[in-house]
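Below is one structure, written out as structure tokens, with a few remarks after it.
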Amino acid sequence: MNGGRVPEGPSYPAVPRGEPGRPGNAPTPAGFGLRLTARLIDYLLAAFTALLFFMLMAGLVAVLTRNPDGTDGEVNVWIFLFFFGWGVLLFFYDWLYLVTWGRTLGKMIVGIKVIDAGGGDRLGQKQAVVRSSLFCLPQTLPCLGNIVSLGLAMGMLSDDRARAVHDRAAGTLVVKTR
């Protein structure tokens, strides 16, 4: 026995408890502004990474083929990937970060996290895939896909726990971590 003393050392809860007066002192759901800011940061990071990838691949193809201009077929592939690869890129970015850490880089920066809505646990593989698929893959369609994803995200404004459509389908909740 330690005489009733609290053990020394830091304690790092996965998700801090919510505001006083919330039922069961539950975690505080993240608002639309925080989530939008996190998503914009993620878009910038993904776009920067994609740009570097495109530049590296174009340079590599030019060196390997000894043709700096590229063929019509190569140009068409790059154009296709540029316009229709965005949703797939976002899917892999979102899914890998969520299943590994429960948050993307943008969510880390603004202090929010995605948890299992049922028990506050870490996301399972299926939850991460469903959530990422519903939000990111529609963005494979230029313009229209972004409007669809925005509409799905706006669903959080009518939910008592601020869950977007992709959160409800996956059984997830986005909460503040600070």
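The values are calculated or read from the model by the stated rules, or taken from the named source; none is laboratory data. All values reported here derive from a predicted model rather than from experimental measurement. Using ideal geometry, Cβ is built from the backbone for each residue, glycine included, and neighbour counts are taken over all protein chains shown. The protein model used for the area step is the full one, side chains on, heavy atoms only, and it has no ligands, DNA or RNA in it. Shrake-Rupley method; radii C 1.70, N 1.55, O 1.52, S 1.80 Å.
A few remarks follow.
- Unmet requirement for D121, which otherwise passes all of (1) open to solvent by 30 Å² or more (accessible area, probe 1.4 Å); (2) on the phi > 0 side of the Ramachandran plot; (3) not aliphatic (A, V, I, L, M): (2)
- Test: residue in region 91-107 that is modelled with pLDDT under 80 and assigned to a helix (DSSP H, G or I): no
- Residues of region 131-165 satisfying the condition of being open to solvent by 30 Å² or more (accessible area, probe 1.4 Å) and closer than 17 Å to R103 by Cβ: R163
- Residue match in region 146-161 (condition: aliphatic (A, V, I, L, M), outside any helix (DSSP H, G or I) and at pLDDT 90 or above): no
- The set of residues from region 78-90 being farther than 30 Å from G120 by Cα, outside any loop (DSSP other than H, G, I, E, B) and open to solvent by less than 80 Å² (accessible area, probe 1.4 Å) comprises W78, L81, W86.
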